[in-house]
Ligand SMILES: [Zn+2]
């Protein structure tokens, strides 16, 4: 059980699970010592990067655009703008009606609004190797 205001995150470098303060934006993994972003990443404009990684959520707003090789979000991904990346999400992926998506996607659950454009990508939902097993089971129960 996490303390009040604290949360459990999984390090995206080594997979180690540890507790962080709910207010923390970034921390160092207590096992591998690498910097770990734990806050949400909100993209409001063009963001060309090699990789974007957080234990929180990745939110791409309608005017936002992510161009990356790899995007990882432990708590989920919400795209209202455009994204071009190999996305690995530990939480639900939501692709909004104005979104443009290009790239592979691994997530426990996926929600695509009508009107969203998916140019290309291999989708693995539920992801075979990400997130806790129980999340994948819950996702599989939908009709
Ligand atoms: Zn680590």
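The values are calculated or read from the model by the stated rules, or taken from the named source; none is laboratory data. All values reported here derive from a predicted model rather than from experimental measurement. Don't worry about glycine lacking a Cβ; one is built from the backbone with ideal geometry, like all the others, and counts go over all protein chains shown.
Which condition number does residue 29 fail, the rest of (1) crowded, with 16+ Cβ neighbours inside 10 Å; (2) assigned by TED's automatic domain parsing to the domain that holds residue 103 being met?
Here residue 29 meets the rest and fails (2).
Going residue by residue through the range 1-14, is there one that turns out to be exposed (fewer than 12 other Cβ atoms within 10 Å of the Cβ) and at pLDDT 95 or above?
So far as the range 1-14 goes, no, none of its residues is exposed (fewer than 12 other Cβ atoms within 10 Å of the Cβ) and at pLDDT 95 or above.
Which numbered condition trips up residue 34, out of (1) at pLDDT 95 or above; (2) surrounded by 13 or more Cβ atoms within 10 Å (Cβ to Cβ)?
Among (1) at pLDDT 95 or above; (2) surrounded by 13 or more Cβ atoms within 10 Å (Cβ to Cβ), residue 34 violates only (2).
Report those strands (runs of 3 or more DSSP E) wholly inside the range 1-64 carrying at least 1 residues which are within 13 Å of the ligand (Cβ to nearest atom). First the steps, then the outcome.
Working: elements: 6-10, 17-21, 26-28, 35-37, 41-43, 46-48, 51-54, 57-60.
Because the criterion is at least 1 residues that are within 13 Å of the ligand (Cβ to nearest atom), the strands (runs of 3 or more DSSP E) in the range 1-64 that meet it are 6-10, 17-21, 26-28, 35-37, 51-54.
With the requirement that a residue be under 20 Å from residue 44 (Cα atoms) and buried (at least 16 other Cβ atoms within 10 Å of the Cβ), what does the range 104-128 give you?
Answer for the range 104-128, where residues must be under 20 Å from residue 44 (Cα atoms) and buried (at least 16 other Cβ atoms within 10 Å of the Cβ): just 116.
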